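Where a number appears in this text, it was derived from the coordinates with a stated rule and is not lab data. Please read these numbers as outputs of a predicted model, since none were measured by experiment. Backbone-built Cβ (ideal geometry, glycine too); neighbour counts: all protein chains shown.
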Ligand SMILES: [Mg+2]
């Protein structure tokens, strides 16, 4: 019996600024049947408030609590593995405003690269215990340099996600994974990655819903991230065909990327809630 749904956003609920086919009605039906929905995005640059407002505008009412960004996962993972950093030291946020906001909300002393821009400012800041790197459209070489300096000096390095590309209307732009690779190349270090398909994203999401994996369905449009991560974390999974992966790819996928269900849209999954 499915009590909760982790729902990817891009290619599942919306594409560009339009809702995907069947998403608005499909989600309304799931919720009406008592399924708790958590929207889960690897996009670290936006805040849960922004994402919730966008969903509500599209006809899918959502509160910030209904949205889990990879920045929030990074902050929660850091708070549980390095609670000492909540008490002393600082965390360097590299990325869009969502990265620093999530760390601040979790209680960290947060620095951003401009805080380190000159010797006077650097003299007044606490030592950097960790770097959290997420996507931001304005991240530049100077920001990556600050990440590299801190990591080389011994800071723990957490990446919100390692998606190599970011789809835009003009093609594939470098995503956070590509910017992470630049820092990895420079430092010889490798980060702890928390976003889909990595385990922390699913663990934090299940904690937020308060449900066990077997009662939870991941709905996604990518076999290599949404579905692969769900399978590894023991969740049930459904691929919808409103985004990247196709039915033929699902049929040919290796075992570890094969979804339990393939459906044209979220609406076509409604029998799962009726059965519940
Ligand atoms: Mg997607």
May I ask you to order 204-214, 187-197, 8-18 by the average number of other C-beta atoms within 10 Å around their residues, highest value first? 187-197, 8-18, 204-214
Hey, what angle do you get for helix 199-209 against the long axis of the chain, alpha-carbon based, 0 to 90 degrees rounded to 10? 70 degrees
Cα gyration tensor, the range 191-237 - rounded (a/c under 1.5), prolate or oblate: oblate
Kirkwood radius from Cα pairs of the range 1-112 plugged into Stokes-Einstein at 25 °C, 0.890 mPa s, gives D in µm²/s equal to 163 µm²/s
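Would you mind ranking 149, 202, 135 by Cβ crowding within 10 Å, fewest neighbours first? The partial results should precede the final answer.
Values: 149 18, 202 23, 135 31.
The order, fewest Cβ neighbours first, is 149, 202, 135.
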The range 32-181: antiparallel DSSP beta bridges as a percent of all, rounded to 5: 20 percent
If one computes the Cα centroid of the range 109-147 and of the range 199-267, what distance in Å separates the two points? 35 Å
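Which order do peptides 239-251, 97-109 fall in by mean Cβ count within 10 Å, highest first?
Values: 239-251: 18.2, 97-109: 21.5.
Order by mean packing, descending: 97-109, 239-251.
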The range 138-276 shape via C-alpha gyration tensor axes, a/c threshold 1.5: prolate
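Among bridges DSSP assigns within the chain, what percent are antiparallel (round to 5)? List each step's numbers first, then the result.
Values: 6 of 39 bridges.
Just about 15 percent of them are antiparallel.
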So how tilted is helix 141-152 from the main axis of the chain? Cα-based, degrees 0 to 90, rounded to 10. 80 degrees
Against the longest alpha carbon principal axis of the chain, how many degrees, from 0 to 90 and to the nearest 10, is the axis of helix 23-32 turned? 80 degrees
Rounded to whole angstrom, the alpha-carbon centroid of the range 27-57 lies from that of the range 61-83 at a distance of 14 Å
Only helical DSSP H runs with n ≥ 4 go in: add -39500 (n - 2.57) per run for the chain, normalise by residue count and round the 222 nm mean residue ellipticity to 500 deg cm²/dmol. -10000 deg cm²/dmol
Cα extents of the range 71-193 per principal axis, largest first, Å, are 43, 31, 25
How long is the chain along each principal axis, judged by its Cα atoms, biggest number first, in Å? 62, 35, 34
What Rg and what Dmax come out for the range 227-276 when only alpha-carbon atoms are used, in angstroms? 11.0, 30
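Give the percent of DSSP beta bridges with both residues in the range 103-234 that are antiparallel, rounded to the nearest 5. Intermediate values should be presented prior to the final figure.
On the way: 4 of 10 bridges.
Beta bridges within the range 103-234, antiparallel portion: roughly 40 percent.
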